[in-house]
1. If a residue has to be assigned to a helix (DSSP H, G or I), more than 28 Å from the chain's Cα centre (by Cα) and surrounded by 14 or more Cβ atoms within 10 Å (Cβ to Cβ) to count, how many in the range 1-49 make the cut?
2. Would you mention how many residues in the range 83-138 are in a loop (DSSP other than H, G, I, E, B), surrounded by fewer than 19 Cβ atoms within 10 Å (Cβ to Cβ) and more than 25 Å from the chain's Cα centre (by Cα)?
3. Looking at 67, 60, which is the one that is at positive phi, in contact (Cβ under 8 Å) with a residue 12 or more places away in the chain and within 16 Å of ligand 2 (Cβ to nearest atom)?
4. Can residue 160 be described as modelled with pLDDT of 95 or more, assigned to a loop (DSSP other than H, G, I, E, B), more than 22 Å from residue 55 (Cβ to Cβ) and within 17 Å of the chain's Cα centre (by Cα)?
5. Let me confirm something: among 191, 166, 246, 270, which residue is surrounded by fewer than 17 Cβ atoms within 10 Å (Cβ to Cβ) and more than 16 Å from ligand 1 (Cβ to nearest atom)?
6. Within the range 139-150, work out how many residues are part of a helix (DSSP H, G or I) and either more than 8 Å from ligand 1 (Cβ to nearest atom) or modelled with pLDDT under 95 (or both).
7. Kindly establish whether residue 303 is farther than 24 Å from residue 190 by Cα, in the same structural domain as residue 181 (by TED's automatic domain parsing) and in contact with a helix residue (DSSP H, G or I) (Cβ under 9 Å, 6 or more places away or on another chain).
8. Identify the single condition in (1) within 30 Å of residue 315 (Cβ to Cβ); (2) away from ligand 1 (no atom under 11 Å from the Cβ) that residue 211 does not satisfy, given that it satisfies every other one.
Ligand code: GTP
Ligand code: MG
């Protein structure tokens with residue numbers, strides 16, 4: 001039997017309670033949420049003094065329901081910036097935040113999405129602030145809406161994000177994948193599962209549309225009407241977690257395929273024109289952004305880190321298949337460089 005056709009162990013479901021207990025321990029507490037809100041309020045106060053018309057949106061995991069006790073706070077400021085460039089506004093914002101006693105304030109202007117990063121001594125959180133990046137606000141809503149469809153998505157994503165942090169494969173600056181990319185991988189996996197756990201909201205009649213920077217973000221967002229969608233699939237979280245790692249270890253076609261939650265199926269690299277290397281984009285693992293369809297979240301992965309990632313997927317699948325205590329062994333801290 002090929003490894004891609006292996007069936008999971010008979011007692012896999014016995015690990016579900018342990019995994020669900022871990023999920024519960026990763027959920028942010030009420031106190032955590034309160035401190036996050038305090039941070040957002042103090043950012044709003046600082047920003048309001050200099051830019052009274054600015055609107056503040058939360059995005060990323062503090063707003064998409066995939067936030068854990070380790071998550072930072074991501075804030076997007078929507079504002080008219082006139083003749084100034086985004087970078088000039090970010091530099092001014094850095095000064096404003098420093099004057100208001102935020103710590104480690106740093107403008108990261110060379111990134112694809114320029115941000116100010118800082119930490120708040122009062123709440124202890126770190127915070128990224130971007131300007132007019134409404135695409136991130138839209139994809140935050142999309143992820144949040146998916147999360148409301150079937151609780152197994154949140155559970156799976158919490159476990160995968162925790163695994164990725166513990167195994168040091170959640171660091172884009174070192175060539176591994178962002179939390180956002182891992183959540184897209186989880187959604188895609190649940191859309192591809194038979195019977196399907198999740199529908200594809202972007203191929204349905206749109207009930208929500210936001211157009212920004214020439215990109216239309218449209219999808220069916222009346223998720224309360226789809227509550228029974230995944231009911232036919234009875235897989236436990238343990239079986240799904242094993243299936244997720246099995247898929248990324250042995251079943252995904254890295255050479256030809258692109259995962260796309262926008263289409264609810266895999267696309268070919270050929271049709272995306274992601275076959276040849278352009279600049280630093282190597283397309284060794286292809287994860288299409290649901291709205292910025294030209295954007296491959298896997299572009300950060302290089303020849304060395306694709307190997308590390310695939311070895312980690314294989315290890316995870318093997319641990320869930322054979323280990324006596326997979327709920328512990330799977331998440332053992334490890335850094336491939338030490
Ligand atoms: P944690 O902070 O690790 O809990 O996860 P997160 O969900 O906040 O994800 P992350 O910090 O990786 O990204 C924050 C948000 O930025 C995402 O939820 C997206 O809305 C947005 N985003 C859009 N494009 C990208 C991208 O290419 N990379 C990353 N990292 N984020 C993107
Ligand atoms: Mg974040």
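1. Within the range 1-49, residues that are assigned to a helix (DSSP H, G or I), more than 28 Å from the chain's Cα centre (by Cα) and surrounded by 14 or more Cβ atoms within 10 Å (Cβ to Cβ) number 1.
2. 7
3. None of the other options fit; the residue is 60.
4. Considered against the rule, which asks whether it is modelled with pLDDT of 95 or more, assigned to a loop (DSSP other than H, G, I, E, B), more than 22 Å from residue 55 (Cβ to Cβ) and within 17 Å of the chain's Cα centre (by Cα), residue 160 comes out as no.
5. Details: 191 fails: surrounded by fewer than 17 Cβ atoms within 10 Å (Cβ to Cβ); 166 fails: more than 16 Å from ligand 1 (Cβ to nearest atom); 246 fails: surrounded by fewer than 17 Cβ atoms within 10 Å (Cβ to Cβ).
The match here is 270.
6. Narrowing the range 139-150 to residues part of a helix (DSSP H, G or I): 139-147.
Next, only the ones that are either more than 8 Å from ligand 1 (Cβ to nearest atom) or modelled with pLDDT under 95 (or both) stay: 141-142, 144-147.
Looking only at that region, the number is 6.
7. Values: farther than 24 Å from residue 190 by Cα: yes; in the same structural domain as residue 181 (by TED's automatic domain parsing): yes; in contact with a helix residue (DSSP H, G or I) (Cβ under 9 Å, 6 or more places away or on another chain): no.
In short, no.
8. Looking at each condition in turn, residue 211 falls short on (1).
The values are calculated or read from the model by the stated rules, or taken from the named source; none is laboratory data. Note that the structure is predicted; figures quoted are calculated from it, not measured. Because the Cβ atoms are built from the backbone with ideal geometry, glycine has one as well, and the counts that use them run over all protein chains shown.
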